[in-house]
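Below is one structure, written out as structure tokens, with a few remarks after it.
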Amino acid sequence: MSAASEAATAVVTAKSVEEREGVVIRFAGDSGDGMQVTGAQFTTETALAGNDLSTLPDYPAEIRAPAGTLAGVSGFQLHFSSREVFTPGDNPDVLVAMNPAALKVNLPDLKPNGILIVDRETFSEPNLKKAEYESNPLTDSSLDRYQVFQVDVSKLTIAALQDLNLPTRTMMRCKNFFALGLTSWLFHRPIESTIEFIEQRFKKTPELVEANIRVLKAGYNYGDTCELFRTSYEVAPARIAPGRYRNLTGNSATALGFVAAARRAGLPLFLGSYPITPASDILHELATYKNFDVYTYQAEDEIAGVGAALGAAFGGALAITTTSGPGMCLKAETINLAVSVELPLVIVDVQRGGPSTGLPTKTEQADLLMAIYGRNSESPVPVLAAATPADCFAAAFECAQIALKYMTPVILLTDGYLANGAEPWRVPKASDLPEIAVEFRTDPVGFFPYLREPETLSRPWVRPGTRGLEHRVGGIEKEHITGNVSYSPTNHEQMVRLRARKVAGIAREIPPSTLHGPAKGEVLVLGWGSTHGSIAAAVRQLQQSGRAVSHLHLRYLNPLPPDLGDILQRFEHVLVPEMNLGQLVRLIRAEYLIDAIGLNKIQGQPFKVAEIISRIHRLLEA
């Protein structure tokens, strides 16, 4: 029987529906199989189904690694649930493997008795050899511990398109939509949004619109009609606060946070940036907001990008620059200049694995010490970190507030996990966002460029060309108040201390820390950045089992919260999980003289909840 007739004559049988509280699904295939698109569209369908969710795109840095090899495997994991979701999930319940390499790379993570869907036709001798299989896993019983569904994805895709006279290569590029259609049926996802996506994405090539929609529906109908799948799964909508939601990534949230801040400050927004993974999407996103007085400049290199941004700050704009670790190294000198001239500038560092080029598409938290100390001389800069993809919006907004109020560069730390991960975001009303007061000096009477505001120690901001307020700025040390060039030893010390006091004074803006759990107890898990989800889920599980474990997550890393020292003293153990060799734990030990314990992971992957629970158990049993 041909594949087409098999699909057409599949016997419709009564199928059961099983309810589940949550599901973790991973799509895996070759870099050219469209796994990121598949995962992103399944995410959109899931958001529209009303579930809470969290995602983890995971792909190689190479634009196109050799097809069918282990190095070329691309994956996208999604955790969706009827309850609150903190992470993309530790191990998938469902794995969709589009070829042998994808199976070999991802199978160790699949839960026992998990659902495994494979494209049977791709398990040919050449592909098995590329994936370094000595025998075919579909026939050697090595998959007996899983629910294996061997589906002729490639064959059925071609069968669905055979009358369109498309090249075979073009038809094969549609097969990811077969997998999406099948899994959409399996979990009762609505496919209308994907149809709209296809119509928009391929609107210039109608034959591709027809082909992809036809394959999507073929996959959906295959699941609905074939005897192979006897059960589908339903996950009820999550109970969430009423409001208008959208699904967005951390990079999108960061971009929107800056647009919102610029609008509330009444300033144009200028981004000077050089493309670098995983920060480039902020540039792409902001380039679409020109109608909101947003200006984007793709510079020739990192130094030019931050230099242009600092120039825009001098000109009176809300100025930002975006980069990742290698770019931070190159921008250091200009950040120092921003410290010296005391102009508002936000630097976004989307951290990735390093050093040097390192792991461009993998996540890490190893730029913390560089952000705080990585410049010559005494060069204090406020440092904040976002905790979740949606939190990137609030973090970006707050960084802009601080930069404008204190006339200082501010560093915002996110990372690859936050940048590319997605979750539902409750869209705030513009009127609910605070106004950001900005005052440009226009009165020449009594003006001095370094005459500081008594509370914030910020200097006046003057638009260039303002009559009577002409003044010099530059990297050479300035005289206190007048701003004249000064080599006076005592003036230099005074200026160094003033700049340090200004940044330290930001601590009074920090609200009381939110402690999740008992105010004192056996273990406090102290985190920062993207470890939030894993820590929150781990601590919640332990609290439900009656353990006195609490969680405190830091947004403010320089300066640290004023109440942090008192909180740390109330716990027997302080555990600090970080995706580095122990940078925050080093700061905590030095600042508060406590024996904080590090939990460190430097694998380019976020913490699993089980890893944190295991370490806490060892502490509790010690």
Which cross-chain or sequence-distant (5 or more) residues have an amide H under 5 Å from the amide H of Val462, H modelled 1.01 Å from N in plane?
-> Arg441
Estimate the FRET efficiency between Leu433 and Ala504 by the formula 1/(1 + (r/R0)^6), using the beta-carbon distance for r and 22 Å for R0, to the nearest 0.05.
-> 0.20
Can you spot the lysines whose alpha carbon is less than 28 Å from Lys331's alpha carbon? Ignore those fewer than 8 places along the same chain.
-> Lys290, Lys362, Lys405, Lys478, Lys502, Lys601
Provide the gained length on full extension for the span Ser16 to Thr170, in nm with one decimal, where the gain is 0.36 nm per separating residue minus the Cα-Cα distance.
-> 51.9 nm
Looking at Val410, Val523, Pro444, which one has the Cα that reaches farthest to the positive end of the dipole of the stretch 403-559 (charges on Cβ: Lys, Arg +1; Asp, Glu -1)?
-> Val523
Which value, in Å³ per residue, describes the convex hull spanned by the Cα atoms of the chain?
-> 168
Can you run phi through the Karplus equation (6.51, -1.76, 1.60; θ = phi - 60°) for the stretch 371-384 and list ³J(HN,Hα) in whole Hz, with x for Gly and Pro?
-> 4, 7, 10, x, 9, 6, 6, 7, 9, x, 9, x, 10, 10
Taking all protein chains together and a probe of 1.4 Å, list Tyr133, Tyr146 from the most accessible to the least accessible.
-> Tyr133, Tyr146
Enumerate the amide H contacts of Gly421 below 5 Å, restricted to partners 5 or more residues apart or on another chain; note that Pro and chain-start residues carry no placed amide H.
-> Gly250
For the stretch 295-428, the charge dipole (Cβ of Lys, Arg +1; Cβ of Asp, Glu -1; about the Cα centre) points to a positive end, and the Cα of Leu318, Gly358, Tyr373 closest to that extreme belongs to Leu318
With +1 on each Lys and Arg Cβ and -1 on each Asp and Glu Cβ, and nothing else charged, work out how big the dipole of the chain is about its Cα centre, in Debye to the nearest 20.
-> 840
Along the stretch 255-270, Karplus-curve 3J(HN,Hα) (6.51, -1.76, 1.60; θ = phi - 60°) to the nearest Hz, with x for Gly and Pro, reads 4, 5, x, 6, 4, 4, 5, 5, 5, 6, 8, x, 10, x, 9, 10
Sequence ranges 403-416, 593-606, ranked by mean other-Cβ count within 10 angstrom, highest first | 403-416, 593-606
Heavy-atom accessible area order for Thr482, Thr46, largest first, 1.4 Å probe | Thr482, Thr46
Residue-wise, which Karplus ³J(HN,Hα) couplings in Hz belong to the stretch 285-293, taking 6.51 cos²θ - 1.76 cosθ + 1.60, θ = phi - 60°, and x for glycine or proline?
-> 5, 5, 5, 8, 10, 4, 6, 9, 6
How far is the Cα center of the stretch 564-622 from the Cα center of the stretch 368-383, in Å?
-> 23
Quick one: check the C-alpha center-to-center distance for the stretch 210-267 versus the stretch 410-424, whole angstrom.
-> 18
With every protein chain in place, the accessible area of Lys104 for a 1.4 Å probe, in Å² rounded to the nearest 10, comes to 70
In what order, largest first, do Arg459, Arg201 sit by accessible area if the probe radius is 1.4 Å?
-> Arg201, Arg459
Using +1 at the Cβ of each Lys and Arg and -1 at the Cβ of each Asp and Glu in the stretch 80-197, identify which of Gly89, Leu107, Pro167 lies farthest towards the dipole's positive end.
-> Pro167
Restricting to aspartates and glutamates and to Cα separations under 13 Å from Lys520, and discarding same-chain partners fewer than 8 apart, the set is Asp566, Glu572
Mean Cα-pair separation over length for the stretch 233-363, i.e. relative contact order, pairs under 8 Å, 6 or more apart, % | 23
Under unit Cβ charges (Lys, Arg +1; Asp, Glu -1), what dipole magnitude, rounded to 20 debye, does the stretch 470-622 have relative to its Cα centre?
-> 200
Might you work out the accessible area of Phe393 for me, using a 1.4 Å probe with all protein chains in place, and round it to the nearest 10 Å²?
-> 20
With every protein chain present, what is the per residue accessible area of the chain (1.4 Å probe, Å²)?
-> 42
Using only alpha carbon pairs under 8 Å that are at least six residues apart, calculate the relative contact order of the stretch 104-255 and give it in whole percent.
-> 21
So what's the convex hull volume per residue for the Cα atoms of the stretch 579-622, in Å³?
-> 73
Can you list the lysines whose alpha carbon is less than 22 Å from that of Lys129, not counting same-chain residues fewer than 8 positions off?
-> Lys104, Lys155
List every residue whose amide H lies under 5 Å from the amide H of Asp563, counting only residues 5 or more places away in sequence or on a different chain, with H placed 1.01 Å from N in the peptide plane.
-> Ser513
Rounded to the nearest 5, the percent of DSSP beta bridges in the chain running antiparallel is 35
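The values are calculated or read from the model by the stated rules, or taken from the named source; none is laboratory data. Fair warning: this is a prediction, and the values are worked out from it, not measured in the lab. Note: ideal-geometry Cβ built from the backbone for every residue, glycine included; neighbour counts use all protein chains shown. For the accessible areas, the whole protein counts, side chains as well, though only heavy atoms, and no ligand, DNA or RNA atoms are used. Shrake-Rupley method; radii C 1.70, N 1.55, O 1.52, S 1.80 Å.
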